[in-house]
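Only one structure is covered here, and it is reproduced in the block below.
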Amino acid sequence: MEIKKVGVVGCGLMGHGIVQVAAQGGCEVIALETEQGFLDKGLGRVDKSLAKLASKNVEKGKMDQATADAWVAETRGRISGSTNRADLADCDLIIEAIVENLDVKKELFAELGGIAKPEAIFASNTSSFPIGEMASASGRPGRFVGLHFFNPVQLMRLVEVVRTDDTDADAFDAARAFGKACGKTPVSCKDTPGFVVNRLLVPYMVQAIDMLDRGDASKEDIDAAMQFGCGHPMGPLTLTDYVGLDTTLFILEGWTSRYPNEPAFKIPESLKRLVSEGKLGRKTGEGYYKWEGDKKA
Ligand code: CAA
Ligand code: NAD
């Protein structure tokens, strides 16, 4: 099955990036949001990112200005927006990138199951929830995969492609091929908590937050240690701000309620406190650090 038309539900931090890389990969894309204002904000981020990538290509001599302008116009021309779920009816693939709340995701997939054409593939970009539960809710478990992209989607080269025991082989192959068309390296994983990356990464972020909460080292020193001692592009506390403290908390709440005896899954005190104060990281201007736009204040 060839994927030509893609619906992306949620045009936030992750969704806008998925919309963009799918269009860069040659697909026609519809971005779905709950409100026009959120849609405009998400598509505005796509515009900024495309302009940035185009100017980098010109700077590096990979494209002349006219070619870069045409690339931006063609890519953007493949993207449209909607606030009406019915507009996704003829998509070949629908990717969900809404809030990390299993009940809300299940409700969405149950409704999409009645809207989308029968052969359409459904995918969730969830960071932590079981793909199988959403697949059951959708009423089409054979056509369901996880497609887990990484933040920032435009720059990170991985996509995890998750199959359940019920996923049809052709749906899985088409999802992998779509990941490649988006310019990503796909890795396959079973439907296991956190898949590959988050099962390793989130407990590491938790350990760093606990270290800070105990007063063992400052946030700057913890981050510098991992950046310069291990060659990570950013330290774990900067990364938590980057991912979003709310998303990190949702992931951990889901895991600690499902797996109460797993010692790697625990919720640090400061994470709960900062989220309750509305300090969600880079997106709200404050988390473990203060932010001005994309840069630390
Ligand atoms: N679109 C286009 N260009 C972008 C961009 C975007 N979305 N985001 C950044 N850029 C550009 C920047 O503007 C910058 O351009 P200039 O060089 O012209 O200034 C360039 O890319 C490099 O960015 P930065 O200056 O910010 O510096 P950087 O070299 O540190 O790169 C980074 C940024 C790629 C994000 C890097 O810091 C990095 O890899 N960080 C780790 C990210 C990571 O681990 N992500 C995974 C999170 S976990 C997850 O996603 C899963 C989950 O479920 C929670
Ligand atoms: P976000 O809050 O930035 O964006 C979510 C968007 O979904 C918002 O714009 C919201 O208006 C929209 N939305 C909510 N309910 C909707 C609905 N019913 N229909 C249409 N739109 C709806 O969140 P995010 O960080 O982009 O995370 C989205 C998903 O991606 C989550 O499942 C998250 O776990 C996962 N994820 C996040 C990261 C990360 O680093 N933040 C990385 C990989 C995966």
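Some points to look at:
- Test: residue in segment 107-121 that is under 13 Å from the mean Cα position of the chain (by Cα) and free of Cβ contacts under 8 Å to residues at least 60 places away in the same chain: no
- Ala70 being more than 30 Å from Phe129 (Cα to Cα), more than 21 Å from the chain's Cα centre (by Cα) and more than 16 Å from ligand 1 (Cβ to nearest atom): yes
- Residues that are in a helix (DSSP H, G or I) and surrounded by 23 or more Cβ atoms within 10 Å (Cβ to Cβ) do occur in segment 3-14.
- Taken over segment 221-247, the criterion of being more than 9 Å from ligand 1 (Cβ to nearest atom), touching a Gly at 6+ places or on another chain (Cβ under 7 Å) and touching a residue at least 24 places away in the same chain (Cβ under 8 Å) is satisfied by Thr240, Asp241, Leu245.
- For Gly142, the requirement of being over 30 Å from Lys41 (Cα atoms) and open to solvent by less than 60 Å² (accessible area, probe 1.4 Å) is met.
- Filtered residues of segment 89-106 (kept if in contact (Cβ under 8 Å) with a residue 12 or more places away in the chain, surrounded by fewer than 20 Cβ atoms within 10 Å (Cβ to Cβ) and either more than 9 Å from ligand 2 (Cβ to nearest atom) or not polar (S, T, N, Q) (or both)): Ala89, Asp90, Val99, Leu102, Lys106
- Count - residues of segment 15-36 that are outside any strand (DSSP E or B) and either of a type in the set (A, V, I, L, M) or in contact with a Phe, Trp or Tyr (Cβ under 6 Å, 6 or more places away or on another chain) (or both): 5
- Residue match in segment 207-223 (condition: under 21 Å from Leu108 (Cβ atoms) and surrounded by 15 or more Cβ atoms within 10 Å (Cβ to Cβ)): no
- Segment 17-33 residues that are of a type in the set (Asp, Glu), paired with ones that are part of a loop (DSSP other than H, G, I, E, B) (beta carbon under 8 Å, 6 or more apart): Glu28/Lys4; Glu28/Arg78; Glu33/Gly10; Glu33/Cys11; Glu33/Thr83
- Among residues that are modelled with pLDDT under 95 and more than 16 Å from ligand 2 (Cβ to nearest atom), Pro263 is included.
- Every test in (1) within 28 Å of Phe38 (Cα to Cα); (2) within 16 Å of ligand 1 (Cβ to nearest atom); (3) open to solvent by less than 20 Å² (accessible area, probe 1.4 Å) is passed by Phe150 save one, and that test is (3).
- Cβ separations smaller than 9 Å between residues 6+ apart or across chains give the following pairs from segment 262-286 residues that are under 29 Å from Phe38 (Cα atoms) to residues that are part of a loop (DSSP other than H, G, I, E, B) and open to solvent by 80 Å² or more (accessible area, probe 1.4 Å): Arg282/Asp294; Gly285/Ala297; Glu286/Glu277; Glu286/Ala297.
- Filtered residue count, segment 178-189, keeping only those that are part of a loop (DSSP other than H, G, I, E, B) and of a type outside the set (Lys, Arg): 2
- Being assigned to a helix (DSSP H, G or I), surrounded by 17 or more Cβ atoms within 10 Å (Cβ to Cβ) and within 16 Å of ligand 2 (Cβ to nearest atom) is a property that Gly42 has.
- Output for segment 15-33, where each listed residue is open to solvent by 20 Å² or more (accessible area, probe 1.4 Å) and away from ligand 1 (no atom under 15 Å from the Cβ): Gly25, Gly26, Glu28, Glu33
- Against the test of being of a type in the set (Asp, Glu) and within 19 Å of Gly15 (Cα to Cα), the options Glu160, Glu133 yield a single qualifying residue, Glu160.
The values are calculated or read from the model by the stated rules, or taken from the named source; none is laboratory data. Treat the numbers as computed from the prediction; the structure is a model and nothing was measured. Backbone-built Cβ (ideal geometry, glycine too); neighbour counts: all protein chains shown. We work out accessible area using only protein heavy atoms, side chains counted, and drop any ligands, DNA or RNA first. Shrake-Rupley method; radii C 1.70, N 1.55, O 1.52, S 1.80 Å.
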